[in-house]
Amino acid sequence: MKNLVIASTKKTPEIIFKTNGDLMISGSSLPSNIDGFYQPLLVWIEELIATSPKKVTIAFDLEHVNTSSTRMILQILRTLNGFKKGKGNLTIVWNYDNEDKDMLEQGETLQQIINRPFEFIEKES
């Protein structure tokens, strides 16, 4: 298994998934082919979970997200939440701009849906 690194574009976020369990999604997520972009990420996460890592940390640092991306982020979180049930240590970090209350609310909503605490980090704009 190798690290998964995908450079950002105007419509897709930067992805840095490391085999040590440090995962990061940052930038804007507005891909025209949502499944084509996110499906390989889900497969990679499932392969990571199969290696039984002791700890996984996923950090989100998103600026713009469309509804379809939110659905895929939720799918990623649900997949990782299943890892937690197997006694793994899961940390979810949600970064948001201090002037972007919508992004904060989106993180809070996702936290409620998967019933798992997030670490919210407010950034200065």
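Taken together, the values in this text are just the output of simple stated rules run on the coordinates, not laboratory data. Model, not experiment: these values are computed from the prediction. Cβ atoms come from the backbone with ideal geometry, glycine included; neighbour counts cover every protein chain shown.
Using θ = phi - 60° in the Karplus curve 6.51 cos²θ - 1.76 cosθ + 1.60, the 3J(HN,Hα) couplings for the stretch 7-23 round to 5, 6, 10, 5, 10, 10, x, 6, 10, 10, 10, 9, 5, 7, x, 8, 10 Hz; x is entered for Gly and Pro. Fully extending the segment from Asn115 to Asn89 would add 7.8 nm, taking 0.36 nm per residue of separation and subtracting the current Cα-Cα distance.
The distance between label points at Asn33 and Ile16 comes to 2.7 nm (points 7 Å beyond Cα on the Cα→Cβ vector). Close Lys pairs in the stretch 4-123 (alpha-carbon distance under 26 Å; sequence gap of 8 or more, or different chains): 19. Test of the criteria: in the stretch 12-56, which GluC sites (Glu not before Pro) are in a DSSP loop and have at most 16 other Cβ atoms within 10 angstrom of their Cβ? Sites meeting the loop and neighbour criteria: none at all. Counting only Cβ charges, +1 for Lys and Arg and -1 for Asp and Glu, the dipole size of the chain around its Cα centre is about 740 debye. Taking 7 Å steps out from each Cα toward its Cβ at Leu104 and His64 produces label points 2.3 nm apart. Exposure proxy ranking for Asp22, Asp102, based on other Cβ atoms within 10 angstrom of each Cβ and starting from the fewest, stands as Asp102, Asp22.
How high is the relative contact order of the chain, in percent, counting Cα pairs under 8 Å that sit 6 or more residues apart?
After rounding, I find 21 percent.
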